[in-house]
Amino acid sequence: MDRNQNQVAPKELLSVTDGIFLTIGMVVGVGIFKLPSMIAGNTSSATEFLLAWVLGGAVSLCGALVYAELAARHPDTGGEYTFLSRGLGNGAAFVFAWSRMTVIQTGAIVAVAFAFGDYASEILRLGEKSSAVWAAIGVVALTALNLAGTVQSKTLQKVMEIVLLSALVLLALGALVAGGTPKPAPAGAAGAGFGLAMIFVLFTYGGWNEAAYLAGEVRDARRNMLKILVIGILAVTALYLLVNIGYLLALGLGGMRESKAVAADLMRAIAGDKAVVLLALVVCVSALTTMNAAVFTGARTNWALGRDFGLFGFLGNWRDKGSTPANALLLQGAVMLVLVAAGSMTPDGFSAMVAYTAPVFWTFFLLTGITLFVFRARGGEPPAVKVPLHPVVTLVFCAMCAYMLYSSIDYIRNPHFGPKFGNMVLAGLLVMAAGIPLYFFARKK
């Protein structure tokens, strides 16, 4: 490979609008179709249910403000990798990049791929392992799309998001207009706990941090990343509230608790059974939108890893044609196919991938929040964007990360979750830990 190719840098091809679209696409996904019933089951009233969604948006906004300052300080393609490298050293950055390549990003994409496979199988079943087959098809297709180039990827992202957001708004407005027969929760009934509800809420809001990986490709990133993150989170919060109000009006809190597919039940209440196929198409679009945005940003960390460590030097090649990290995309695709195969051997591929990724994800989310305290302590030139009410806002974000880390590991003890997926939790932690000796080996290289 020509050494001069490694000198090709990412191009600033993304506008504020592009960044907002990508941010929304990273957040709005299959969670809004799968998790509201679980959240309803852990809240005691409709007011508390909606409060959980507002609080989820507020906590995510705190995180977005932290990331906006971090991106303003270091507007490079690489996101948390860059922040950890500058704040906590190359060792932390390397283990993160290794974990993101093998656990965090790839596992999260495959989780969504399995959800895509579940709904695509409702339209056309492809054998006994239909969900896994569809998941693999989605991984291969979107990796190929991103290999074609940044412009092609972001254009499809906009098209798919417009379809998805329009469908969600129409679904919610249909519920507002048509109403339904909402079923109240039984008198005195209460969920298992508001804290558990927040775990599901924050999972549904997850993904906004991926916008940090766009900083090296956004025009005037030092100022525009704040707009991208804040507007993106506010838009998602408003959309989630609208959709969940529709769920409540049509089904009621009691009906949501009993539902195994709350969006499908809402569609049935509005338009009948035949409309559920249309909903499956919407969910497929939702999953593909999320996957495309995550494939786009995931390869950027792998590129940064290859740029800095000779052991993975082949990943640091940025292809000028299409402005894309080609080798990083190919390796990421291969890892995802391995995880699809692993998930296909469990009772539920989606849940398996959540178990595999969650503890590792929240570990590095917490460490990234801590880096802001490190940068502030060092002083230096003030960034163009600063977190308001620091350190309160930053501490709220770090506390949330610590709580989610504890909760994701504690799932091993859950009588329903642990026996089925406890091994996946341990597998994710072991793969992360393998990055520590690998770092010392890579440093010698």
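The values are calculated or read from the model by the stated rules, or taken from the named source; none is laboratory data. All of these numbers come straight from a predicted model, not from anything done at the bench. Positions of Cβ are generated from backbone atoms using ideal geometry, with glycine treated the same way; all protein chains shown enter the neighbour counts.
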Handout entry: Among the candidates Ile409, Ile436, residue that is among the β-branched types (Val, Ile, Thr), over 30 Å from Ala197 (Cβ atoms) and in a helix (DSSP H, G or I)
Key = Ile436
Practice task
Could you identify the single residue in Phe375, Phe361 that is in contact with a Gly (Cβ under 9 Å, 6 or more places away or on another chain) and closer than 25 Å to Phe194 by Cβ?
Solution key: Phe361
Problem - Pairs, first within 16 Å of Gly255 (Cβ to Cβ) in the range 36-52, second of a type in the set (Ser, Thr, Tyr) and part of a loop (DSSP other than H, G, I, E, B), C-beta under 6 Å, six or more apart - result: Ser37/Ser259; Phe49/Thr43
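Filter the range 78-97 down to the residues that are within 20 Å of the chain's Cα centre (by Cα) and part of a helix (DSSP H, G or I) and list them by number. It would help to see each step written out before you state the result.
So the first thing to find is which residues in the range 78-97 are within 20 Å of the chain's Cα centre (by Cα), and the list is 78-84, 93, 95-97.
Matches in the range 78-97: Glu80, Tyr81, Thr82, Phe83, Leu84, Ala93, Val95, Phe96, Ala97.
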Practice task
For residues that are crowded, with 16+ Cβ neighbours inside 10 Å and in contact (Cβ under 8 Å) with a residue 40 or more places away in the chain, scanning just the range 410-428, find the one that is farthest from Tyr81 (Cα to Cα).
Solution key: Phe417
Practice task
Pull up the range 371-386, narrow it to residues that are in contact with a helix residue (DSSP H, G or I) (Cβ under 7 Å, 6 or more places away or on another chain) and modelled with pLDDT under 90, then point me to the one that is surrounded by the fewest Cβ atoms within 10 Å (Cβ to Cβ).
Solution key: Lys386
Handout entry: Failed criterion for Ala342 (all others in (1) surrounded by fewer than 19 Cβ atoms within 10 Å (Cβ to Cβ); (2) over 24 Å from the mean Cα position of the chain (by Cα); (3) not aromatic (Phe, Trp, Tyr) hold)
Key = (2)
Practice task
Within the range 14-29, count every residue that is out of contact with any Phe, Trp or Tyr (no Cβ under 7 Å at 6 or more places or on another chain) and either at pLDDT 80 or above or under 18 Å from Ile245 (Cβ atoms) (or both).
Solution key: 9
Exercise for the section: Select from the range 232-280 the residues that are free of Cβ contacts under 8 Å to residues at least 12 places away in the same chain and assigned to a helix (DSSP H, G or I) and write down the one among them that is farthest from Leu202 (Cα to Cα). Expected result: Ala275
Handout entry: Qualifying residue in the range 201-208 (condition: at pLDDT 90 or above and either polar (S, T, N, Q) or touching a strand residue (DSSP E or B) at 6+ places or on another chain (Cβ under 9 Å) (or both))
Key = no
Practice task
Answer yes or no as to whether Thr77 is under 18 Å from Phe364 (Cβ atoms), of a type outside the set (A, V, I, L, M) and at pLDDT below 90.
Solution key: yes
Exercise for the section: Assess whether Leu329 counts as being without any contact (Cβ under 8 Å) to a residue 24 or more places away in the chain, in contact with a helix residue (DSSP H, G or I) (Cβ under 8 Å, 6 or more places away or on another chain), assigned to a helix (DSSP H, G or I) and crowded, with 24+ Cβ neighbours inside 10 Å. Expected result: no
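With Phe296, Phe309, Phe364, Phe314 as the choices, which residue is in contact with a Ser or Thr (Cβ under 6 Å, 6 or more places away or on another chain), more than 14 Å from Gly107 (Cα to Cα) and in contact (Cβ under 8 Å) with a residue 60 or more places away in the chain?
Numbers: Phe309 fails: in contact with a Ser or Thr (Cβ under 6 Å, 6 or more places away or on another chain); Phe364 fails: in contact with a Ser or Thr (Cβ under 6 Å, 6 or more places away or on another chain); Phe314 fails: in contact with a Ser or Thr (Cβ under 6 Å, 6 or more places away or on another chain).
Every option except Phe296 fails the conditions.
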Fill in the blank from the handout: In the set Thr363, Thr357, the lone residue that is in contact with a Leu (Cβ under 7 Å, 6 or more places away or on another chain) and not in a strand (DSSP E or B) is Thr363
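What about Leu405, is it closer than 29 Å to Arg223 by Cα, surrounded by fewer than 22 Cβ atoms within 10 Å (Cβ to Cβ), touching a Leu at 6+ places or on another chain (Cβ under 9 Å) and among the hydrophobic types (A, V, I, L, M, F, W, C)? Break it down stepwise before answering.
Numbers: closer than 29 Å to Arg223 by Cα: no; surrounded by fewer than 22 Cβ atoms within 10 Å (Cβ to Cβ): yes; touching a Leu at 6+ places or on another chain (Cβ under 9 Å): yes; among the hydrophobic types (A, V, I, L, M, F, W, C): yes.
The answer is no for Leu405.
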Practice task
Would you point out which residue out of Ala294, Ala299, Ala334, Ala341 is part of a helix (DSSP H, G or I) and under 30 Å from Gly174 (Cβ atoms)?
Solution key: Ala294
Handout entry: Complete set of residues in the range 157-195 that are assigned to a helix (DSSP H, G or I) and modelled with pLDDT under 65
Key = Gln157
Problem - Hits in the range 367-408 (condition: without any contact (Cβ under 8 Å) to a residue 40 or more places away in the chain and under 20 Å from Pro75 (Cα atoms)) - result: Phe373, Arg376, Ala377, Arg378, Gly379, Gly380, Glu381, Pro382
